[in-house]
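Here is the structure we will look at, set down as structure tokens.
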Amino acid sequence: MLQVDEIREIIQMVDKSSLTEFSYEANGAVIAMKKNTGSVTTTVQSQSQAAAEPQAPAVQEPEPEVNTQPNIKAEEMPQASADYDYEIVSPMVGTFYTSSSPDSDPFVTKGSTVDTNTVVCIVEAMKLFNEIEAETNGEIVEVLAENGELVEYGQPLFRVKKK
């Protein structure tokens, strides 16, 4: 059976991802999660319970806060200036790492200069560690993912101002 901390970690990873449904089976326990309007509902039951009982939510995250700001028309919204020319995106689903080991310095940080062959991060998928290269010349102006975060295919990881 999974420990409470392991279940919490799974909930956080699913909540941060763009997944809408997730299920996991191990050691006779089944975990099924489905996102509904910003919350995560989790069901945990053993296989012996699965035959006897219908699934019931075990953990329900609170609903997100409602924005109480007045509605602003698109013309009135301040325009954010794009201070980047290129986004480095994740080529796969996996876990984002900023360095090769927890003790090492990050490959790049905000302000780092990169070229096409500069390794900017690692995305781990199925115990394979894939080095991601910048594929452009420029300066990192924003790091969009956090170390250890689950990232999706095509998710922007870095913003680069080309030189």
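The values are calculated or read from the model by the stated rules, or taken from the named source; none is laboratory data. Given the structure is predicted, the values throughout are model-derived calculations rather than measurements. Cβ sites come from the backbone with ideal geometry, for glycine too, and all protein chains shown count toward neighbours.
Filter the stretch 132-163 for residues that are small (Gly, Ala, Ser) and over 15 Å from Pro91 (Cβ atoms); which is surrounded by the most Cβ atoms within 10 Å (Cβ to Cβ)?
Looking at the filtered set, the residue picked out is Gly138.
Report yes if Phe96 is modelled with pLDDT of 95 or more, outside any loop (DSSP other than H, G, I, E, B) and surrounded by 12 or more Cβ atoms within 10 Å (Cβ to Cβ), otherwise no.
In short, yes.
Can you pull out every residue in the stretch 111-132 that is closer than 28 Å to Leu19 by Cβ and in contact with a strand residue (DSSP E or B) (Cβ under 6 Å, 6 or more places away or on another chain)?
Scanning the stretch 111-132 gives Val119, Val120, Cys121, Ile122, Val123, Glu124, Ala125, Phe129, Asn130, Glu131, Ile132.
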